[in-house]
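All remarks here apply to the structure that follows.
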Amino acid sequence: MGRMLEDHWYIACPSRKLKRQPLALEIFGRKLALFRDEGGRPAALEDCCPHRNASLSGGRVVHGRLACPYHGWEFGGEGRLLRVPYAPEQPPACRVKHYPCVEQDGYVWVCPGDGELTAAPMVFPHLNLPGWTSFRMETLFHATVEACLENFLDCPHATHVHRYWFRTPTARPVKAVVRTLEDGAVTEYFQEPREKSLVWSLLSPGKTVSMKHTDRYLAPATSRVDYSFDDGRAYSITSSCTPVDDRHTRVFTVISFRRGWLGPLVRLFFHPLSRIIINQDVRMLNQAQENIEARGGPDFLALEQDVLFRPIMEWRRALRGEGEPPQADREWQVELKL
Ligand code: FES
Ligand SMILES: [Fe+2]
């Protein structure tokens with residue numbers, strides 16, 4: 001993966017949000033205007049009209065062309081100027097920068113970079129699979145992508161931030177096996193406690209049924225947490241991070257679970273419960289980011305028990321052009337108490 005961070009697909013918005021009106025989007029600190037062309041395909045243009053620099057996202061869509069709100073110049077999905085409503089002749093050759101844009105898994109994805117493009121966006125596992133039920137969440141964090149990813153893949157914080165909701169400290173030893181992969185890193189946990197937590201008393205089939213739990217980082221900006229049980233139940237949480245700027249991250253989460261016909265019923269309580277838990281993380285990360293900004297930058301200590309912190313940081317540094325990603329297929333064990 002020799003590409004830079006920007007040369008990957010990021011979620012711009014859920015498909016259903018992009019209708020007849022254009023949308024403004026900020027990604028990597030760049031302002032983009034999103035709209036649907038004549039064929040209904042999503043398109044992303046730099047949000048600045050070449051005429052007098054008005055924001056194109058404040059305009060409207062006319063026959064699949066994006067019309068600027070100031071003097072009505074109309075642009076196609078590839079950014080070409082197609083019509084100037086007050087000039088009788090062909091418009092001059094003029095183009096607004098456009099960005100690759102596709103639709104997949106119910107999201108509009110955009111690639112904000114100028115380099116070589118990743119072939120396709122990553123796929124959300126389990127969406128629309130028989131027996132599985134899913135729901136989606138969108139959350140704005142005042143935090144970096146790195147902080148979000150690490151938080152989503154960090155077990156120890158759950159006994160504090162989500163105490164009684166998701167995890168309660170038992171101080172029991174837990175073994176974690178960490179492995180680096182071609183596209184990230186994965187941790188598998190063994191002998192993990194599940195008692196005294198609201199989530200587990202609602203979702204877990206009891207201590208006698210064995211559970212497999214893996215946390216996975218997929219470069220550049222995705223986390224995936226999977227729980228599966230012997231009796232066929234399974235839960236999977238995938239979060240794709242879109243950097244708004246270098247201090248804000250918009251996170252698109254798909255939660256899927258295999259509970260057969262009970263799925264829609266489980267979703268009824270699982271969805272609001274997940275919202276409460278994510279908001280606990282939002283508060284913690286927002287507050288940490290305020291401290292980081294007040295101090296002029298992060299100053300982190302990393303323990304071996306912060307298992308995926310280093311792989312995430314090394315990958316992200318490599319994708320900024322600073323060093324190499326961690327070598328794949330290395331494996332090590334870590335002892336924790338949870
Ligand atoms: S500024 Fe866009 S048409 Fe004039
Ligand atoms: Fe959390």
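Rounded if a/c is under 1.5, else prolate if a/b is larger than b/c, else oblate: which is the range 128-285, with a ≥ b ≥ c the root eigenvalues of its Cα gyration tensor? Note, shape of the range 128-285 comes out rounded.
Around the Cα centre of the range 1-83, unit charges on the Cβ atoms of Lys, Arg, Asp and Glu (plus for the first two, minus for the last two) sum to a dipole of about 340 debye. Once backbone amide H atoms are built at 1.01 Å from N, residue 143 has 248, 249 as its partners under 5 Å, excluding neighbours fewer than 5 places away on the same chain. The value for the range 193-335 of Rg(Cα) / (2.2 N^0.38 Å) is 1.22. Summary: within the chain, the longest segment free of chymotrypsin sites (Phe, Trp or Tyr not before Pro) located in DSSP loops with at most 13 other C-beta atoms within 10 Å is 165-299. Couplings 3J(HN,Hα) for the range 99-116, derived from phi with the Karplus relation 6.51 cos²θ - 1.76 cosθ + 1.60 (θ = phi - 60°), are 10, x, 8, 9, 10, 7, 6, x, 10, 9, 10, 9, 10, x, x, 10, x, 5 Hz, where x marks Gly and Pro.
Using a Gaussian network model of the chain in which every pair of alpha carbons under 10 angstrom is joined by a spring, one finds that among 37, 299, 183 the greatest mean-square fluctuation is at 299. Under a 5 Å amide H cut-off, with hydrogens placed 1.01 Å from N, residue 259 pairs with 133 among residues at least 5 apart or on other chains.
Projecting the Cα atoms of 73, 15, 43 onto the dipole axis of the range 1-156, where Lys and Arg carry +1 and Asp and Glu carry -1 at the beta carbon, places 73 farthest toward the positive end.
State which stretch of the chain is the longest one without any exposed GluC sites (Glu not before Pro), exposure meaning a DSSP loop state and at most 15 other Cβ atoms within 10 Å. The segment 196-303 is the longest one with no such site. Distance distribution P(r), the chain, all Cα-Cα pairs, bin width 20 angstrom from 0: 28, 52, 18, 2 percent.
For the range 274-285, 3J(HN,Hα) computed residue by residue from phi via the Karplus equation (6.51, -1.76, 1.60; θ = phi - 60°) reads 5, 5, 4, 5, 5, 5, 5, 5, 4, 4, 5, 5 Hz, glycine and proline entered as x. For the range 249-265, putting each phi into the Karplus relation 6.51 cos²θ - 1.76 cosθ + 1.60 with θ = phi - 60° gives couplings of 9, 9, 10, 10, 10, 10, 10, 10, 8, 9, 9, x, 5, 6, x, x, 5 Hz, in residue order, rounded to whole numbers and with x for Gly and Pro. About its Cα centre, the chain has a charge dipole of approximately 1280 debye under the convention of +1 per Lys or Arg Cβ and -1 per Asp or Glu Cβ, with nothing else charged. Excluding same-chain residues fewer than 8 positions from residue 97, which aspartates and glutamates have a Cα within less than 13 Å of its Cα? Partners within reach: 46, 47, 78, 114.
Each reported figure results from applying straightforward, stated rules to the coordinates on display, with no laboratory input. Please read all numbers here as calculations on a predicted model, not as lab measurements. Ideal geometry is used to build each Cβ from the backbone, glycine not excepted, and the neighbour counts take in all protein chains shown.
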